[in-house]
Each structure stands twice: as C-alpha cells, then as structure tokens.
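These notes are about the structure you will find just below.
The values are calculated or read from the model by the stated rules, or taken from the named source; none is laboratory data. Model, not experiment: these values are computed from the prediction. Cβ: placed from backbone, ideal geometry, glycine included. Neighbour counts: every protein chain shown. Heads up: the accessible areas ignore ligands, DNA and RNA and are worked out on the full protein's heavy atoms, side chains in. Shrake-Rupley method; radii C 1.70, N 1.55, O 1.52, S 1.80 Å.
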Amino acid sequence: MAQILQPTPKNLDLLAGHLSRGDLVAIPTETVYGLAGNALDPEAVAKIYAAKGRPSRNPLIVHIRNQDQLDEIADASETARHLISWLWPGPLTVILPKKLVVPDSVTAGLNTVAVRMPSHRVFKDLASRCTFPLAAPSANPFGYVSPTRAEHVQAHLGESIDWILDGGPCEAGIESTIVSLADPNQPILLRHGSISIAQLESILGRSVQEAIREPEDRDEGLRSPGLMKRHYSPHTPVRLFEGAPPQASQEEAVVFLDGKHRAGENHFGLSSSGDLEEVARNLYDCLQNLDHEGFQKIYLEQPDTSGIGLAIRDRMKRAASQD
Ligand code: TXA
Ligand code: MG
C-alpha cells in the first residue's frame, strides 16, 4: 500500500527528496492525478512505465514550473510562447521540438516533447522544491480510468508505488488539451480537453487542424501514440445514450448528465444542473465508484458537442469502446 500524505511543508520536503533520488510520487494537478518522476533521470522514467504497465512507445508529458524549465527541455517558437502566455499555467499540453537533455524514453524516441505547466497549488509547492522537471502520465494502470482523487490512485496503483500526495479532488477532472506546435505554422489538436479548439484558434489567429482519433476510427496511423481506442475504461461494460434513457435492469446503472431524471437506486447524476464543467469534474469519480459497486453495465448519457462537451464525449466514447 502507498502512503497518502497531506501537502504540509514537511511532507513536501520529504517527497521532493524522494523524487530527487529517482523515486516516484503520485501528484495532484488541476486535470487528473499524475505519476511523477524526475524527467531527466532515465531510471526514474523507466519506473513510471513499469508501475503503469504502459507500453514504452507511448511518450510522457513533462511538467514544468517556469519558463526556464521550458527553455531547458524544448525549443519554443514565438507562436508557442504567445499561446502559452495566455494559457499557462493551466490544462494545456504543447508538443514542441525537444532538446537533447530529455531522455529518449520520455519521448518514446520522438524528436518532440510534450510540455505542460500545471496551475494546481500543491503541484507548484512540490515542483518549487525540485531542481528538475517532472515526467508524469495520468496515475492509473494503463488503459483504466484516470484518477481525480488520491483514493483512486491508492485503489488501482497503490500496490505499485510508495507515495501519493493528496491535493484534494481535481478541479477540471479530465486530461489536458494537447496541441502540437512541432511545426508552428501548422497547429494540430491531438486531444480534446477543457481548453477548446475555438480558444486555441482565437489566440493563435489561425485554424487548428484536428487529429483526434475517434474510438471507432479504423485508421492505424497514429499521430499521438497514446490515443488508442480503448482507454479510460472501467472494467464494467459501458454503453452510451442520448435522448430517451435505456430500459435498464436493477443490476445496470444509468448515469444522467443532471440530477433531474433520478428515479431509482440505479440512477445517478453527473451534476445537479447539467453544467458541463461539473460533469467533467465528476465523470471519472462516478465511473470508478460504479465500477466498484459491481453493476453489470453502465449506461452513460452523452452531452452535445458544444464547448467542453466535445472533450467529455471523447472520454465517454473511449470508456465505452470494446477494443
Ligand atoms: O492532464 C494531463 O495531461 C495529465 C496530467 C497528469 O498532466 N497527464 C496525462 O498524461 O494525461 P498521459 O500520459 O495519460 O497522456 C499523455 C498523452 C498521451 O496520449 C501521449 O501519447 C501524448 O500525450 N504525448 C506525449 N508526448 C507526445 C509527443 N511528443 N507527441 C505526441 N503525443 C505525445
Ligand atoms: Mg493517461
């Protein structure tokens, strides 16, 4: 079992010490919890892949705390600097040409690196005690739902790691938006998140192409190697619905976007009013709870595609994907 520690100055010093010696710590961010290790230490990076059971061809995001760390690991164009001046710290990951100091294992041999500056206060307090950036994938076993609470990390990864830093429930609740600026003249969206394509386009002043791989998409040419169809899935089979709720038995859970349809023990709501930010915040927590309750199936109501609805639908489709 891992130890869950509160973010006191003493505990933060202790965990920064573990990280500097090459150990792993699960950390809170505003999106989901990450499994962090020293991004510049290949041995720490190898431990991350091993603990998650993650294929080595699936590269990691490097989490930084300031501009100096960005310049240490990546070549940021003027376009990239402009974008991040608006959106960092926050739930945006940018793909940039990498510098040599970044181990090949972090980037799975690619010549680009994924970089993000989280805004979570506890992340900042820990990162400010470290002299190195932190490589961190979501702190879930490979393919399972991402964790939005320290207890989720404990439940699924607690046997593989020693330390979890508790920063409370994550505010955004789904993973960061990923945009590639490997070629600054051709921005490409690799993953939907709470920062929308419209926001990116208005800051960049140009259109952003989507390279999102739909779960039902049969094309094998992956631009972002982590975007496989089955991902973020609970063990319980998930089915999606829109409009009229399905005829479900008592052994099957029906999850609505808001609370107003609740009519039975097996009915759940992702928010009180249907507010999509609240839906995103609660989605993974709900899936993990229902997974533990032993329902035979989970029916999930999908939001429409406005704003963050796109990112939520993407995660729901992946949770429901059967291969
Ligand atoms: O919100 C988040 O992004 C969370 C928190 C912990 O920061 N992290 C996260 O990491 O979701 P992970 O490892 O679960 O997803 C990272 C995604 C993967 O799909 C990976 O393939 C992609 O980023 N990625 C990483 N480096 C890349 C690169 N150089 N080029 C293209 N895609 C890359
Ligand atoms: Mg992940």
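Annotations for the structure displayed:
- Counting the residues of the stretch 192-213 that are within 16 Å of ligand 2 (Cβ to nearest atom) and small (Gly, Ala, Ser) gives 2.
- Filter pass, Pro246 being assigned to a loop (DSSP other than H, G, I, E, B) and farther than 25 Å from Ser196 by Cα: yes
- Within the stretch 98-121, being in a helix (DSSP H, G or I) and within 10 Å of ligand 1 (Cβ to nearest atom) holds for Val106, Thr107.
- Residue in the stretch 243-273 that is nearest to Tyr299 (Cα to Cα), counting only those that are out of contact with any strand residue (DSSP E or B) (no Cβ under 7 Å at 6 or more places or on another chain) and open to solvent by less than 30 Å² (accessible area, probe 1.4 Å): Gly264
- Residue in the stretch 97-110 that is buried (at least 20 other Cβ atoms within 10 Å of the Cβ), among the charged types (D, E, K, R) and within 16 Å of ligand 2 (Cβ to nearest atom) present: no
- Candidates Asp291, Asp285, filtered to the one that is of a type in the set (Asp, Glu) and touching a Gly at 6+ places or on another chain (Cβ under 8 Å): Asp285
- Some residue of the stretch 8-21 being more than 22 Å from Ser128 (Cβ to Cβ), touching a Leu at 6+ places or on another chain (Cβ under 9 Å) and surrounded by 18 or more Cβ atoms within 10 Å (Cβ to Cβ): no
- The set of residues in the stretch 23-48 being open to solvent by 10 Å² or more (accessible area, probe 1.4 Å) and polar (S, T, N, Q) consists of Asn38 alone.
- Selected residue [under 16 Å from the mean Cα position of the chain (by Cα) and in contact (Cβ under 8 Å) with a residue 24 or more places away in the chain] from Ser128, Ser138: Ser138
- Residue check for Arg230: modelled with pLDDT under 95, part of a loop (DSSP other than H, G, I, E, B), farther than 21 Å from Ala319 by Cβ and in contact with a Ser or Thr (Cβ under 9 Å, 6 or more places away or on another chain): no
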